[in-house]
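Chemist: Quick one: the structure is below, and I'll ask about it shortly.
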Amino acid sequence: MAMTPERKLKKITINLMRSPLFADFSGILMLGKKYVVDNCPTAATDGRDEWYGRGFIEMMDEKMLGFVVLHEGAHKLLRQLTVWKKLFLDDASLANQAADYVVNGMLHKRDPQGTVISIPQINGKNFICLDKRFDGMNTKQVFDILKQEKQGKGAQGNQPGNGQPGQGGQPGNGNAPGETLDHHDWKGANGLNKEEKEQLEKEIDQAIRQGQITAQKFAGKNGGDLNRELMDLLDPKVDWREVLREFVSSTCAGRDMATWRRPNRRFLSEDIIMPSLVSERVDCVVVGSDTSGSISNEEHARNISEADGILSQVIPETLHMIYWDAKVQGHELYNDSNRESFKTSTKPKGGGGTDPTAMMRYLKQSNIKPDCIIMFTDGCIGDWGNEWECPILWIITGSYGRNITAPVGKTVHIE
C-alpha cells in the first residue's frame, strides 16, 4: 500500500529530528502546523505554519522532500519573513530569491554529499536558488548584490509579488538569480498583531534552545563538535538604531499632541517657530551602561558613542546616564544645557561584578520614573530583574551575548 503524502511528510520530519546532522533543527521542525493541500504547487510558509502541495510531495523522493522541510524550517528559524520585511516592500521578487539563497546555501553546506537530504530536482534539473558566492551572507547582503546586478544589467525584473516555483542557478556557476522554490507569505507573516508576534518570538527562541539541547546530546554520544554555523546565522544583522526608534515611538504612543511650549527643533534653524508633537521627544530616558569587569575599554568607548547617538536621535528632555556593575557607580544628568558636551564630559565608573537589578533598585530609591530604559551590556548576567517599571530595551554587545535574549523587555544585538 502506497504511503499517503501526510504520512510521508510526518515520517521525513521525524527522521530529520533523529538525524545528528540536523538535530539542532528539531525544535523548529515541531513549531507551527504542517498542512498538506491540493492548491499549493510546491511548499509555503508564513513564518509560523507550513503548507505542502499534495502532488509535490508525491513527486519528491524522501531526501529531496527532507531538503524542502528543512528549507521551510530555516525560513522560520532565521525569522526572514519578519526581520527583512523592508526588503519585500522594496522588491518582493529579489527578497524572495535572497531569502532562498541564504537558506539553500546553509542546507547544502551542511550536507554537500547528500547523505540525509538532496537538492530538489524536476526533470533532472536543480530546482532551487543556490550560489557559492553567497556563502556566509545574510538576506540583506544577498539582496543588495541581486539588486545591483538587476540594475546593472538593465533588467526589467518581475513586478513586486510573491515568488513562484521555477528554475534556479546551479551551485557556484554564477547564473542569473532564479525563481524561488517555495511561496513566502510575507503579508501573512507581518499581519500578526503585537501579541501574536511576541508569542511567536518566544516560541522560536524556545525551539532554538530545544534544538541546541538535542544537538548537544547527539554530540555527547558521538564525540563530535556542534555545528556553530546555524547559531551564527541566527543573528541577522539588523540596524539597532531602527529598533530603538520603533521602541521609543511605541513607548510614546498615544501622546501625539501639538504643543507650543516646546518649539519644533526642525524649524528653529530657519527662524520659524512651530509647535512640536509631544511624542516627538521623550520626557525622560535612562541609559544604563554595564561597566563590570568583563567589559573592555573598546566596549566602553562604543557604548558612550551609541549613547551620544541616542541623545541626538531621541532628543529626550532629560537623560540619566547611569554606570553600573554590581552596584550603581555613576549617575550623570543631561538636558538641553549640556547635551552637546556629553562625549567629552561623561566618566564611566566600575569594574566589579554584574547586577542590573542594582540599577532597578536605584531608580526606585531615587524616584526616577523614565519613559523608557536603554541598557548596554555584554549579556554576562545572572539576574535580569523582573520589576522594571517601564519599557526596557537591552542592547547586547560582543560575541559572548550574541545568542542571549533577555527574559524581560526587548533585546537587540550589535557587533
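Chemist: Is it the case, given these coordinates, that G105 is among the small types (G, A, S), touching an Asp or Glu at 6+ places or on another chain (Cβ under 6 Å) and within 18 Å of D182 (Cβ to Cβ)?
Modeler: yes
Chemist: Those residues that are at pLDDT below 85 and either in contact with a Ser or Thr (Cβ under 7 Å, 6 or more places away or on another chain) or surrounded by 12 or more Cβ atoms within 10 Å (Cβ to Cβ) (or both), I need them from the range 185-197; list them, please.
Modeler: Answer for the range 185-197, where residues must be at pLDDT below 85 and either in contact with a Ser or Thr (Cβ under 7 Å, 6 or more places away or on another chain) or surrounded by 12 or more Cβ atoms within 10 Å (Cβ to Cβ) (or both): N190, L192, K197.
Chemist: Further question: Based on this model, can you work out whether L333 counts as in the same structural domain as N297 (by TED's automatic domain parsing) and out of contact with any Leu (no Cβ under 8 Å at 6 or more places or on another chain)?
Modeler: The answer is no for L333.
Chemist: A further question follows. Are there any pairs, at least 6 apart or on different chains, whose C-beta atoms fall under 7 Å, with the first in the range 2-22 and in the same structural domain as A43 (by TED's automatic domain parsing) and the second of a type in the set (G, A, S), and if so, which?
Modeler: That search, which allows pairs on different chains as well, returns I12/G66; L16/G66; M17/S26.
Chemist: Moving on to the next point. Test R7 against the stated conditions and say whether it is more than 17 Å from I122 (Cβ to Cβ) and basic (K, R).
Modeler: yes
Chemist: Now a separate question. Counting residues that are under 18 Å from T291 (Cα atoms) and either touching a Gly at 6+ places or on another chain (Cβ under 6 Å) or modelled with pLDDT of 90 or more (or both), which strands (runs of 3 or more DSSP E) fully inside the range 306-415 reach at least 1?
Modeler: Passing ranges, in order: 318-324, 328-334, 372-377, 392-397.
Chemist: May I pose another question? Has the range 289-304 got at least one residue that is within 13 Å of K343 (Cβ to Cβ), among the aliphatic types (A, V, I, L, M), out of contact with any His (no Cβ under 6 Å at 6 or more places or on another chain) and in a helix (DSSP H, G or I)?
Modeler: yes
Chemist: Restricting attention to strands (runs of 3 or more DSSP E) lying wholly within the range 6-119, give those where 3 or more residues are touching a Phe, Trp or Tyr at 6+ places or on another chain (Cβ under 6 Å) and modelled with pLDDT of 95 or more.
Modeler: Hits in the range 6-119: 34-37.
Chemist: I would also like to ask the following. If you scan the range 365-392, which residues turn out to be farther than 20 Å from P316 by Cβ and in contact (Cβ under 8 Å) with a residue 12 or more places away in the chain?
Modeler: Step one: of the range 365-392, the residues farther than 20 Å from P316 by Cβ are 365, 377-387.
Once the filter is applied, which keeps residues that are farther than 20 Å from P316 by Cβ and in contact (Cβ under 8 Å) with a residue 12 or more places away in the chain, the range 365-392 yields T377, D378, G379, C380, I381, G382, D383, W384, G385, N386, E387.
The values are calculated or read from the model by the stated rules, or taken from the named source; none is laboratory data. Everything quoted here is computed from the prediction, not taken from an experiment. A quick note on method: Cβ atoms are made from the backbone with ideal geometry, for glycine too, and the neighbour counts reach across all protein chains shown.
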